[in-house]
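Worksheet: the structure to be examined is printed underneath.
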Amino acid sequence: YQRRVHGGEAGVLVPDAGYLKKVHALCKANNVLFVDDEVQTGLCRTGRLMCIDHDEVRPDIMILGKALSGGVTPVSCVVADDEVMLTIQPGQHGSTYGGNPLACKVGVAALEVLEEENLAARAQSLGVVFRDEMNKLDPNREVIQLVRGKGLLNAFIIKERGDKNAMDFCYLMKKHGVLAKPTHGDIIRMAPPLVISEEQIHEAVGAVRRALEEYAKF
């Protein structure tokens, strides 16, 4: 079983508390490996070191990437205990760039920064600020239907107006200085750098407000 229920491409779907713990127990009972894809959600993005930590679950296999690079060089990895990893014998699997020493050094440095700068706690607190401010923008839900997320991985769902949708809303946000990516036509994802300041969070929400005012006129 592969867990990828909070991913950005899906529109930042947040599972109910305890859901992953139940799935993990089901996997264990049936001798199925629980694979946790943390490429987008891991490494402090959702307010914990790994998103799955919110449910206090330890997966059999974990996949990491993106933030592991620290924005310096492409790097991803698979993490597992020896019981799983050593089922692959020497010569059974190869990778042209696997074990790249520069990428490995960068990955270690990125992990050190995440820990030393306490970026998980920072994402947790700033995410609350972001969602609280976003929920104030459209109290009657005329355009913004829902705001959801964890830490600094968030999304909001908008109501399409005529032939205008999330992509058009993103273009308006761009005009006001904020870049975001739509998905599924009516969802906009917001995943700012973990080093963003609270002041910048308010600036970004202000840009969303101005975009909302223009979008509402369509």
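Observations, loosely collected:
- Within segment 85-103, considering residues that are surrounded by fewer than 15 Cβ atoms within 10 Å (Cβ to Cβ) and among the hydrophobic types (A, V, I, L, M, F, W, C), the one nearest to C44 (Cα to Cα): L102
- Residue check, V57 surrounded by 10 or more Cβ atoms within 10 Å (Cβ to Cβ) and more than 19 Å from L114 (Cβ to Cβ): yes
- Residue in segment 51-73 that is assigned to a helix (DSSP H, G or I) and of a type in the set (S, T, N, Q) present: yes
- Top-ranked residue in segment 56-69 [being touching a residue at least 40 places away in the same chain (Cβ under 8 Å) and in contact with a Leu (Cβ under 9 Å, 6 or more places away or on another chain); ranked as nearest to C104 (Cα to Cα)]: L68
- Residues being farther than 17 Å from A110 by Cα, assigned to a loop (DSSP other than H, G, I, E, B) and in contact with a helix residue (DSSP H, G or I) (Cβ under 6 Å, 6 or more places away or on another chain) are represented in segment 29-50 by at least one member.
- Any pair with Cβ under 8 angstrom, 6 or more apart, that starts in segment 132-149 at a residue that is more than 18 Å from G8 (Cβ to Cβ) and ends at one that is among the hydroxyl-bearing types (S, T, Y) and loosely packed, with under 13 Cβ neighbours inside 10 Å: none
- Flag if L20 is closer than 20 Å to R148 by Cβ, free of Cβ contacts under 8 Å to residues at least 40 places away in the same chain and not in a loop (DSSP other than H, G, I, E, B): yes
- Counting only residues that are under 25 Å from I157 (Cα atoms), open to solvent by less than 20 Å² (accessible area, probe 1.4 Å) and of a type outside the set (D, E, K, R), segment 12-42 holds 4 of them.
The values are calculated or read from the model by the stated rules, or taken from the named source; none is laboratory data. Nothing here was measured: the structure is a model prediction, and the numbers come from that model. All Cβ positions, even for glycine, are placed from backbone atoms using ideal geometry, and neighbour counts span all protein chains on display. Side chains included, ligands, DNA and RNA excluded: accessible areas come from the protein's heavy atoms. Shrake-Rupley method; radii C 1.70, N 1.55, O 1.52, S 1.80 Å.
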